[in-house]
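The values are calculated or read from the model by the stated rules, or taken from the named source; none is laboratory data. Just so you know, these numbers come straight off a predicted model, no measurement behind them. Cβ atoms come from the backbone with ideal geometry, glycine included; neighbour counts cover every protein chain shown. Quick note on the areas: whole protein, heavy atoms, side chains included, nothing else; ligands and nucleic acids left out. Shrake-Rupley method; radii C 1.70, N 1.55, O 1.52, S 1.80 Å.
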Amino acid sequence: MKKDNCHDKCVNLNASASVDNCTNSEADTPVNPADELTIKVPVELGAYDVTTHLVANIKFPHPVLEIKDIKKRVVITQCRLMTRTSTGSDDLFTDGEFPLFIKGYVRKNIQYASPVYGASGECVSSDMKSLTTKIHFDCMTTVDLQGLVQLPVANTRREFDFFRAQDLGEGFPEKDQYLSSDLSQYHQESTQAYNELPFCELVASDIIEWDEATDRHSYGPVDEGYFHHIVEKMMVRFRIKVLQKQQVELDRNGNGNG
């Protein structure tokens, strides 16, 4: 079976079209004086301490005599600032406040001692084991970026038609005509703006947690025992910066012109 070539069948290029030359003109941007420079750099829109609260039930694959250590770190998988367009309505945004959607998880590595089965008496033998788990969170907070963020410019599409008079054909008077646009043609002017998307950086994090066993069983000495489940409560606070690439004017000495 012969393989179809979609490019040959769907699009026929005009062999006489010029593909080796392009024209250019100066972009409509302000011209800096001779002693000034314009650079494009990430601009900090704001730094925020975000707090979220988590509750999780963790099951261990082996009995736990005691927890030895827990290593934790915050991981952000999504940090997205929602904005309107530069010409959009302000009805959904109050006084320069914008919603910031954040998604991530706390990665935990729990190191614990697991008692050897059949242990009894004053001596309890155990093996060192570890469990790695992720506690996910998903939240939205509102940040004030009045006058700092460059709002996106919206794309535009404008359709236009041409008038055409056509004969109505058999069954109509010869002097009557079909007066309208031509449905066999389509004309449009469109513009696309490639805006700079705000992004985030994770600066620091702080975690307070409580871990409590929910099914502890004692054996031998009253202070010895094991469990398989814990309920965990965490208060997670992390600092993020919201940035956006913007054009900044500098003088020849590298000083900003605010």
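In the range 183-213, the qualifying residues are those that are among the hydroxyl-bearing types (Ser, Thr, Tyr) and open to solvent by 90 Å² or more (accessible area, probe 1.4 Å), and the one that is nearest to residue 74 (Cα to Cα) is 194. For the range 40-58, taking the residues that are open to solvent by 30 Å² or more (accessible area, probe 1.4 Å) and over 21 Å from residue 204 (Cα atoms), the one that is modelled with the lowest pLDDT is identified as 40.
So that you can scan it fast, the table gives a plain yes or no per residue for (1) in a loop (DSSP other than H, G, I, E, B); (2) modelled with pLDDT of 95 or more; (3) open to solvent by less than 80 Å² (accessible area, probe 1.4 Å):
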| position | (1), (2), (3) |
| --- | --- |
| 101 | no, yes, yes |
| 107 | no, yes, no |
| 147 | yes, no, yes |
| 151 | yes, no, yes |
| 166 | no, no, yes |
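Looking across the range 59-78, just one residue is open to solvent by less than 20 Å² (accessible area, probe 1.4 Å), hydrophobic (A, V, I, L, M, F, W, C) and at pLDDT below 95, and that is 64.
Among residues of the range 55-67 that are farther than 16 Å from residue 217 by Cα, those with a Cβ under 6 angstrom from a residue that is in a strand (DSSP E or B) and open to solvent by 20 Å² or more (accessible area, probe 1.4 Å), sequence gap 6+ or separate chain, pair up as 55/233; 57/231.
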